[in-house]
1. Could you say which residue among 244, 207 is exposed (fewer than 14 other Cβ atoms within 10 Å of the Cβ), over 14 Å from the mean Cα position of the chain (by Cα) and either free of Cβ contacts under 8 Å to residues at least 60 places away in the same chain or under 21 Å from residue 1 (Cβ atoms) (or both)?
2. Select from region 269-285 the residues that are under 13 Å from residue 195 (Cα atoms) and among the basic types (Lys, Arg) and list them in ascending order.
3. Residues in region 163-186: is at least one in contact with a Ser or Thr (Cβ under 8 Å, 6 or more places away or on another chain) and buried (at least 20 other Cβ atoms within 10 Å of the Cβ)?
4. Determine which member of the set 178, 230 is over 24 Å from residue 279 (Cβ atoms), of a type in the set (Gly, Ala, Ser) and either in a helix (DSSP H, G or I) or modelled with pLDDT of 95 or more (or both).
5. Go through the residues of region 131-143 one by one and say whether even a single one is in contact with a helix residue (DSSP H, G or I) (Cβ under 7 Å, 6 or more places away or on another chain), surrounded by fewer than 18 Cβ atoms within 10 Å (Cβ to Cβ) and among the polar types (S, T, N, Q).
6. List the number of the failed condition for residue 107; all other conditions in (1) touching a helix residue (DSSP H, G or I) at 6+ places or on another chain (Cβ under 8 Å); (2) surrounded by 12 or more Cβ atoms within 10 Å (Cβ to Cβ); (3) more than 18 Å from residue 294 (Cα to Cα) hold.
7. In region 242-259, what residues are in a helix (DSSP H, G or I) and of a type outside the set (Lys, Arg)?
8. Return the residues of region 146-173 that are outside any helix (DSSP H, G or I), of a type outside the set (Val, Ile, Thr) and within 26 Å of the chain's Cα centre (by Cα); say none if nothing qualifies.
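The values are calculated or read from the model by the stated rules, or taken from the named source; none is laboratory data. Given the structure is predicted, the values throughout are model-derived calculations rather than measurements. So basically every Cβ, Gly included, is an ideal-geometry build from the backbone, and we count neighbours across all protein chains shown.
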Amino acid sequence: MPFWVPHPGEISVVAEWSGNRPLAFRIEPPGGAGVAKRRSGPSPINMKMVVDPNQLKQGPWTLVIHALPLSGAGQGRLTINIPEEPTTNHASSKPTSLFPPEPEKPIETWQEPRVVRGELEPRQRRIVQSTESFRELLVESSNRPPDTCRWQDDLLQWLATQRDRILDEDTRPDAATGKLMTRMVDVIRVVDGVRTSEDPVLIGPPPTDRRKRAGWERLRDNHLLPVERGLDELLSAVQRNHAPELQGEDWPLRMVSCLTAAERYFEQRWIAGPDRAPNRELAEAQWRPLNRAANALEALAKLAPEDKIRLRTRN
């Protein structure tokens, strides 16, 4: 499970679960820098780790959980507490008249709507419209969703840059970028299917009989397995830089991490209840920007050339 730590301080991981099965936990610093923290045993587990300021911009941290291959289902709750932004109190004691409010930051070029003159091809029009829909949500909406995972503005800036290159320079994303964006769109919509599902296999109610409930849980796990596999494969593709054009961009990994956390809530809320399922606030707040981002990424991916399959030949 990847997670981001924006400020120095102390990380704490608290986990509790039903039954006597021991679990092993490991916190890994980003990029393999530093020493991993390990703890194992029965429930509950409480482990802490100090964040060095030099580790903040090296990528996401990772929490790894291992369990022995024993049969039987269980439930639990996992909480990751990350350091908050440090605050300073000395300025607040001074007269406010000496410190007028900071002026609002000027609108950046990528935050402005694109003015289009002349006719556009249908695919170009979809890129302009979908990027504008995403921009309106982030820039002009009076109810902008919080950017907890810090991917939204970076993606908007990247989309605006790609849009302008397409319109002004007639460039296209390469095949690898188009393939990765298509995969992102597919996984977002699969998770959206979990969010909106009315399938009793997924949302229940679970059978009250113990044996029937165990069978229902196995069926449910099999139903969710392709969703979880798709998220894992997408995360691996981003981490392994399958789209070299996106090298240096932070938003792909941040967005996929946010999507993974949201999926966890949508699948667990029917088991643990909305108030106890993890990541509720994040998942409910992120879904509007995720859906609009999917529309923009899909429009852009349609302009990429198809990835050609090359076969080796023997002379």
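1. Values: 244 fails: either free of Cβ contacts under 8 Å to residues at least 60 places away in the same chain or under 21 Å from residue 1 (Cβ atoms) (or both).
On inspection, the qualifying residue turns out to be 207.
2. Selection gives 269, 280.
3. Taking region 163-186 and keeping what is in contact with a Ser or Thr (Cβ under 8 Å, 6 or more places away or on another chain), we get 163, 165.
From what is left, the residues that are buried (at least 20 other Cβ atoms within 10 Å of the Cβ) are 163.
Checking region 163-186: at least one residue is in contact with a Ser or Thr (Cβ under 8 Å, 6 or more places away or on another chain) and buried (at least 20 other Cβ atoms within 10 Å of the Cβ).
4. Numbers: 230 fails: over 24 Å from residue 279 (Cβ atoms).
Being over 24 Å from residue 279 (Cβ atoms), of a type in the set (Gly, Ala, Ser) and either in a helix (DSSP H, G or I) or modelled with pLDDT of 95 or more (or both) holds for just one of 178, 230, which is 178.
5. Checked against the condition, which is being in contact with a helix residue (DSSP H, G or I) (Cβ under 7 Å, 6 or more places away or on another chain), surrounded by fewer than 18 Cβ atoms within 10 Å (Cβ to Cβ) and among the polar types (S, T, N, Q), region 131-143 yields at least one hit.
6. Condition not satisfied by residue 107: (2).
7. 244, 245, 246, 251, 252, 253, 255, 256, 257, 258, 259
8. Just the residues of region 146-173 that are outside any helix (DSSP H, G or I), to begin with: 146-151, 170-173.
With of a type outside the set (Val, Ile, Thr) added as a condition, the list becomes 146-147, 149-151, 170, 172-173.
Listed by number, the residues that qualify are 146, 147, 149, 150, 151, 172, 173.
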